[in-house]
Amino acid sequence: MNDVAGAVGVRAPSLYGRFADRSTLVNAIELELWRELGRRLATAAPGRDPIAVLTAQARAYRAFAKANPEAYALLHRIDADRSEAGTAARAAAVAASMPALVALVGERDALAAARIVTPFLHGFVSMEIAGTFRLGGGLDAAFEHGVETILRGMQRTRRRASRRSTKRDVARSKK
């Protein structure tokens with residue numbers, strides 16, 4: 001608490017007046033970080049092309065993590081806030097990507113798509129921040145390729161499912 005108080009230019013006792021303990025303070029910081037990430041995702045790319053929007057949001061996510069590595073670590077900690085406020089803050093951050101995900105894969109599969117993209121982004125930026133990509137090669141190009149591969153794969157999967165559905169509808173109408 002003393003370190004935090006010093007960093008924000010107040011004395012530790014004033015923090016205790018607002019936060020009961022370190023855990024409460026860390027949870028409050030985490031919630032504000034989710035809000036900030038959500039704002040950055042929401043403003044990353046206006047537009048209608050879901051792949052362009054999601055790619056810009058992926059870049060914004062990566063930039064946020066790289067610019068704030070210690071803060072970023074708070075977002076995915078094992079003992080993260082499991083309160084209603086914590087769930088709401090996470091949902092609000094994800095909400096920025098949902099319209100583009102719905103446009104890309106449909107309403108039914110949008111949340112599943114978010115659960116595919118998020119681990120790639122988190123894994124990539126976590127490894128990048130930790131310096132564990134040690135085999136050379138361009139990380140920017142690898143990141144872009146990974147994002148494009150995932151998003152284009154989701155797009156192709158939806159198109160195939162749509163074609164199968166259309167074929168079934170045609171077959172049913174002939175009966």
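When the Karplus curve 6.51 cos²θ - 1.76 cosθ + 1.60 is applied with θ = phi - 60°, which whole-Hz ³J(HN,Hα) does each residue of the range 137-142 get, with x for Gly and Pro?
Coupling constants for the range 137-142: x, x, 5, 4, 5, 5 Hz.
Calculate one ³J(HN,Hα) per residue across the range 116-123 by plugging θ = phi - 60° into the Karplus curve 6.51 cos²θ - 1.76 cosθ + 1.60, and present them in order as whole Hz with x for glycine and proline.
Result, rounded to whole Hz: 8, 5, 4, x, 4, 4, 4, x.
Quick one: what do you get for the range 53-94 if you divide its Cα Rg by 2.2 N^0.38 Å?
So the range 53-94 has a normalised radius of gyration of 1.28.
Write down Rg/Rh for the range 30-144, rounded to two decimals, with Rg from the C-alpha atoms and Rh from the Kirkwood relation over Cα pairs.
Value, to two decimals: 0.96.
May I ask you to evaluate 6.51 cos²θ - 1.76 cosθ + 1.60, the Karplus curve with θ = phi - 60°, for each residue of the range 43-54 and list the ³J(HN,Hα) values in order in whole Hz, giving x for glycine and proline?
3J(HN,Hα) across the range 43-54, in whole Hz: 9, 5, 7, x, x, 10, 6, x, 5, 5, 5, 5.
For a quick check: sort Tyr72, Tyr61 by the number of other beta carbons within 10 angstrom, fewest at the front.
Tyr72, Tyr61
Measuring from label point to label point, each 7 Å out along Cα→Cβ, what is the Asp49 to Ala28 span in nm?
4.4 nm
Any read-out appearing in this document is the output of simple, stated calculations on the displayed coordinates, not a laboratory observation. Bear in mind that the values here come from a model prediction, so they are computed numbers and not experimental data. Reconstructed Cβ throughout: ideal geometry from the backbone, glycine too, with neighbour counts over all protein chains shown.
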